[in-house]
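Q: Before anything else, here's the structure in question.
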Amino acid sequence: MADKSARLPGNAEGRWYVDSSCIGCGLCTSTAPDIFALNDNSQATVVRQPETPEETELAAQAQGDCPVQAIGDDGE
């Protein structure tokens, strides 16, 4: 489970985030490329929060597929 206190800088403000346990596998960026991107350190960040139910579903799919559970949704 992602750790909100380890949220990476560069995540768009909002409920979805990626924490420092990200290994940069790129699965989230291929699942939801409008939501996630790899930063200069080869770790993913949320570049913009999901805006539609479809985008939220893609973010949730990426969260479930993340091999290190680095994607968080704090519900805020």
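Q: Which of the residues that make up segment 27-58 are in a helix (DSSP H, G or I) and either on the phi > 0 side of the Ramachandran plot or crowded, with 16+ Cβ neighbours inside 10 Å (or both)?
A: Of all residues in segment 27-58, those in a helix (DSSP H, G or I) come to 27-31, 53-58.
Residues satisfying the conditions are L27, C28, T29, T31, E55, T56, L58.
Q: Still on this model: Taking interchain pairs and intrachain pairs at least six residues apart, which have beta carbon atoms under 6 angstrom, with the first residue in segment 1-18 and in contact (Cβ under 8 Å) with a residue 60 or more places away in the chain and the second among the acidic types (D, E) and loosely packed, with under 14 Cβ neighbours inside 10 Å?
A: K4/D74; R15/D74; R15/E76
Q: Looking only at segment 1-26, which residues are of a type in the set (A, V, I, L, M), out of contact with any Lys or Arg (no Cβ under 8 Å at 6 or more places or on another chain) and either buried (at least 18 other Cβ atoms within 10 Å of the Cβ) or part of a loop (DSSP other than H, G, I, E, B) (or both)?
A: Filtering segment 1-26 for residues of a type in the set (A, V, I, L, M) gives 1-2, 6, 8, 12, 18, 23.
Narrowing further to those that are out of contact with any Lys or Arg (no Cβ under 8 Å at 6 or more places or on another chain): 1-2, 6, 8, 23.
If the condition is that a residue be of a type in the set (A, V, I, L, M), out of contact with any Lys or Arg (no Cβ under 8 Å at 6 or more places or on another chain) and either buried (at least 18 other Cβ atoms within 10 Å of the Cβ) or part of a loop (DSSP other than H, G, I, E, B) (or both), then M1, A2, L8, I23 are the ones that fit.
Q: Continuing with this model, one more query. Checking the condition modelled with pLDDT under 95 and more than 10 Å from the chain's Cα centre (by Cα), which residue from E76, E51, E55 passes? I'd like the intermediate steps shown before the answer.
A: Values: E51 fails: modelled with pLDDT under 95; E55 fails: modelled with pLDDT under 95.
Every option except E76 fails the conditions.
Q: Now a separate question. Which is farther than 12 Å from A12 by Cα, out of contact with any helix residue (DSSP H, G or I) (no Cβ under 6 Å at 6 or more places or on another chain) and small (G, A, S), of A60, A32?
A: A60
Q: If you don't mind, there's one more thing I want to ask. Out of A37, A44, A60, A70, I need the residue that is in contact (Cβ under 8 Å) with a residue 60 or more places away in the chain, touching a strand residue (DSSP E or B) at 6+ places or on another chain (Cβ under 9 Å) and among the small types (G, A, S). Which one?
A: It is A70.
The values are calculated or read from the model by the stated rules, or taken from the named source; none is laboratory data. Computed from a prediction, not measured in an experiment: that's the story for all the values here. Here the Cβ is made from the backbone with ideal geometry for all residues, glycine too, and neighbour counts use every protein chain on show.
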